[in-house]
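Here the structure is laid out as structure tokens; the discussion comes afterwards.
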Amino acid sequence: MGRESESEYEEDRPVQLGRLSHQVATAARDMPQPAAFSRFGVLDVLSSTTPRPLGRKRHISRHLAGLATRRGEKGGLARTLHYIASACVLSLLSCVCLQAADLIAPASRESATQDRTAASAGDSGPDLSMIQRANPTGEVILSRDLRWAMDVRWISRTRLALAAGTRGIVEIDRDGRVVRDLIAGGSRARGLWLASRVGVTPSIVAGAAPAFSVVLRSRSADSWSRTVDFAAVLDLDAQGESILVLGARADTVGRWAADGAMAWILEDGQDPAPVHFSTRGPDSDTVSRCGLLGIGAVRFLSDGSFVVVPGVEAGVFLYGADRRLRRVWQTEILGVAGGCPFSTEQSRDFGPKPELRWAWWNQNVLIDDVVALGNVPALVVREPAGGKTRWSLVILRSDQPRRINLPLESSSGLTRARADLLGDSLVVLLQESGRLESPPKFEPRLVYLKLEK
């Protein structure tokens, strides 16, 4: 699918979301354009690969085993610590890094028991795959204690769940007021050291930090809590009793992605079951090199099928409820970037030199998120244009994906979007990511849109 012209955006008359004073650093503006993405051929999807049992035990020695590696190879623990150090810098949460001792502490068994009064993640309302426009219905500036918000999900038509950094996972009303804590933040011993992703069903709330773990909490009277180890988490979603996770796991000797798995489904208290594998095969390092670019996404559809957007690798993958691969869309044909363009050496500079990441964002069309229009996936696409940032929905209904411009616009090159859909109501979280000042000059906001045919 080709990219649309500037005139098409002008015709949509996007709503101005406030001018952001920050300008991309001079170093970022003057950086040379990274090498263009090579053309992607037919993706060699390892859909026939038999998932290998992990047989994992929760023990701290597993975190240290990766120190013994081959010459010149980055060990599992070293790789994880580097990844998390970069995440701290890029997320502007250096204060969290001072709690390093907490990062390997056992997770607590605290519970959260709230009632969800409306549809689950699979209830997407009427078929909206033929929508023609999205009209704004409201906008809320988030309060100071929610300024690190990184992800959002509908709980009901009046409540939302927010992954709010060190504040943890919280339930808020439509006006952004905190109703209750769902998963504690600021320390891994109490919940999540840094809440960056969230998923909610009537029975479960799931939260993740950029590294180390996914935390599951019961929302029923029969409360329980479970922590599952992950080396890195790029995204997650929840439906019914199932949790879909995109990221990387370490094996018993600390190797990331030893079996090539990139996405898993967690359910029934069992070990995560791999459902999507790297097209690069075992020992893929794409997540460790480019996971912090913030370009991967996963989402359940209403019929139990699900879509995986690795981000760090090319392609958009649709799986059936039986976990069999049904379809692949080429990211190049969709007109978006896909793959990891940075070497291991370059990725080590993401923390001390965030302008590398900023410049790449503003030189490429990116997938910020994916939402479910019933049984049809829709990509939330971010595009830099004329010094501004705009977003659109790319609906993957057929061989001819359709694009709907969203009435969203930012004058900052650092703004990223996360979204969720309930019925015909789309909520979009806009956050300026990567600023080195604290507190940030840009206040994150929720924008409410109504999708119409």
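Laid out as a table, the results:
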| quantity | calculated |
| --- | --- |
| Any pair with Cβ under 6 angstrom, 6 or more apart, that starts in the range 389-409 at a residue that is more than 16 Å from ASN362 (Cα to Cα) and ends at one that is surrounded by fewer than 21 Cβ atoms within 10 Å (Cβ to Cβ) and of a type in the set (Gly, Ala, Ser) | ILE395/SER129; ARG397/SER129 |
| Pairs, first at positive phi in the range 327-340, second small (Gly, Ala, Ser), C-beta under 6 Å, six or more apart | GLY335/GLY2; GLY339/ALA314 |
| Wholly within the range 309-381, strands (runs of 3 or more DSSP E) carrying at least 3 residues that are surrounded by fewer than 18 Cβ atoms within 10 Å (Cβ to Cβ) | 325-329 |
| The range 173-224 - residue that is modelled with pLDDT under 90 and among the basic types (Lys, Arg) and, of those, surrounded by the fewest Cβ atoms within 10 Å (Cβ to Cβ) | ARG190 |
| Test for LEU234: is it crowded, with 24+ Cβ neighbours inside 10 Å, touching a helix residue (DSSP H, G or I) at 6+ places or on another chain (Cβ under 6 Å) and not in a loop (DSSP other than H, G, I, E, B) | yes |
| Selected residue [in contact with a Ser or Thr (Cβ under 6 Å, 6 or more places away or on another chain), of a type outside the set (Ser, Thr, Tyr) and over 21 Å from ALA417 (Cβ atoms)] from GLY254, GLY186, GLY168 | GLY186 |
| Complete set of residues in the range 389-416 that are within 19 Å of ALA359 (Cβ to Cβ), in contact with an Asp or Glu (Cβ under 6 Å, 6 or more places away or on another chain) and in a strand (DSSP E or B) | ARG390, THR415, ARG416 |
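The values are calculated or read from the model by the stated rules, or taken from the named source; none is laboratory data. Every value quoted in this text rests on a predicted model; they were computed, and no experiment measured them. Positions of Cβ are backbone-derived with ideal geometry, glycine not excepted, and every protein chain shown enters the neighbour counts.
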